[in-house]
Amino acid sequence: QVQLVESGGGLVQAGGSLRLSCAASGTISNIKDMGWYRQAPGKERELVVAITRDGNTNTATSVKGRFTISRDNAKNTVYLQMNALKPEDTGVYYCSADVQRIFYAAFIRYWGQGTQVTVSS
């Protein structure tokens, strides 16, 4: 099996920073895209930013210039550095990873359990 474990959420004042981490473990052969999504109360889950294995990124307009994604392929870990946080950034943040398991050909998307980020005004 594959597990994604997130850490780094919390409560921060507007203008502050947080760094999220997500480590994938288990019977992993390869990981393609990794990303961060968020879900605010009463809203659908939305993409925040994603990164390919080669480091190409896709960033939501609402966080461009403030959030930065990075990954360590050797550690199967993805990070999200969040700066200049705003109250509208509040939500549960989920990491995702498109994983190929050992002895399997297909890539399957796995999700972390979610970590709460709350930005106070």
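Across the range 36-43, computed HN-Hα scalar couplings (Karplus, 6.51 cos²θ - 1.76 cosθ + 1.60, θ = phi - 60°) run 10, 10, 9, 9, 8, x, x, 10 Hz from first to last residue, x flagging Gly and Pro.
Once the C-beta distance of V5 and T68 is scaled by a Förster radius of 25 Å, the resulting FRET efficiency is 0.75 to the nearest 0.05.
The portion of the accessible surface of the chain made up by carbon and sulfur, rounded to a whole percent, is 49 (1.4 Å probe; DNA, RNA and ligands excluded).
Once the chain from N83 to A40 is taken as fully extended at 0.36 nm per residue, the excess over their C-alpha distance is 13.7 nm. In the context of the full set of protein chains, the range 1-73 has a per residue accessible area of 55 Å² (1.4 Å probe). Shown for the chain: lysine pairs separated by 8 or more places, or found on different chains, whose C-alpha atoms are under 21 Å apart, numbering 4. Per residue, the range 75-121 exposes 50 Å² of solvent-accessible protein surface, assessed with a 1.4 angstrom probe and all protein chains in place.
The values are calculated or read from the model by the stated rules, or taken from the named source; none is laboratory data. Since the structure is predicted, the reported quantities are computational estimates derived from the model, not experimental observations. In this analysis, Cβ positions are derived from the backbone assuming ideal geometry, glycine residues included, and neighbour counts consider all displayed protein chains. Surface accessibility is based on the protein's heavy atoms, side chains included, excluding ligands, DNA and RNA. Shrake-Rupley method; radii C 1.70, N 1.55, O 1.52, S 1.80 Å.
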